[in-house]
1. Hey, among Ser91, Ser132, which residue is over 19 Å from Tyr27 (Cα atoms) and of a type in the set (Gly, Ala, Ser)?
2. If Gln118 passes every condition in (1) in a strand (DSSP E or B); (2) over 11 Å from the mean Cα position of the chain (by Cα) but one, which one does it miss?
3. Mind checking whether some residue in segment 88-110 is under 16 Å from Leu130 (Cβ atoms) and assigned to a helix (DSSP H, G or I)?
4. Would you pick out the residues in segment 1-31 that are closer than 20 Å to Lys73 by Cβ, assigned to a loop (DSSP other than H, G, I, E, B) and among the basic types (Lys, Arg)?
5. Report yes if some residue within segment 97-105 is within 20 Å of Ala23 (Cβ to Cβ) and crowded, with 16+ Cβ neighbours inside 10 Å; otherwise report no.
6. Looking at segment 59-90 only, could you name the residues that are closer than 17 Å to Lys137 by Cβ, buried (at least 20 other Cβ atoms within 10 Å of the Cβ) and not small (Gly, Ala, Ser)?
7. In the list Ser8, Ser42, Ser32, which residue meets the criterion of being free of Cβ contacts under 8 Å to residues at least 60 places away in the same chain and of a type in the set (Ser, Thr, Tyr)?
8. How many residues are under 15 Å from Phe105 (Cβ atoms), in a helix (DSSP H, G or I) and of a type in the set (Gly, Ala, Ser) if we restrict to segment 32-85?
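FYI, it's all coordinate maths here, none of it is from the lab. Please read all numbers here as calculations on a predicted model, not as lab measurements. Cβ sites come from the backbone with ideal geometry, for glycine too, and all protein chains shown count toward neighbours.
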Amino acid sequence: MKIFNVKSKKIPGTRYSEVNKKAYYFYLQIKSRSKRRPYIRSKYFNKEKIFLELFWVHLREKKNMNDKTRRAKYFHCAIELIERSNYEPISKENPNKRSELLHRFAGLTKDDELFFVQIKEDKRSGKKWLISVFPLKNK
């Protein structure tokens with residue numbers, strides 16, 4: 001798997017409230033571009049839409065605040081990776097739901113920190129959703 005180097009840094013902060021505020025503000029800027037579901041276009045998937053709502057639902061379901069903070073810090077980097085990366089992800093069928101494919105991209109921040117972005121694709125409709133963003137190690 002090739003690792004894509006993003007130019008942005010992760011969002012600074014230690015508390016979930018401050019990191020989430022910055023990440024969610026960035027999300028609202030993307031959301032304001034469309035009248036319906038917020039999305040970005042992926043270079044790897046030939047400019048197809050990647051919907052973003054599911055990421056925030058998934059993040060709210062997490063119980064551990066440190067884990068939430070750790071994932072939200074990489075939101076800006078994840079958006080850049082999805083928009084600009086041409087590298088092939090690791091793709092596999094979802095073991096829990098056969099009608100879905102999971103694509104995992106790897107990225108490296110400007111500070112040389114490895115992170116992963118996971119996108120879910122519905123096989124029937126072809127719709128793609130950003131599910132998760134997480135760093136390699138628990139820091």
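1. The match here is Ser91.
2. Failing condition for Gln118: (2).
3. no
4. Within segment 1-31, Lys7, Lys9, Lys10, Arg15 qualify.
5. Looking for residues that are within 20 Å of Ala23 (Cβ to Cβ) and crowded, with 16+ Cβ neighbours inside 10 Å, one finds at least one in segment 97-105, hence yes.
6. Thr69, Arg70, Arg71, Lys73, Tyr74, Cys77
7. Exactly one residue qualifies, and that residue is Ser32.
8. Final tally of qualifying residues: 1.
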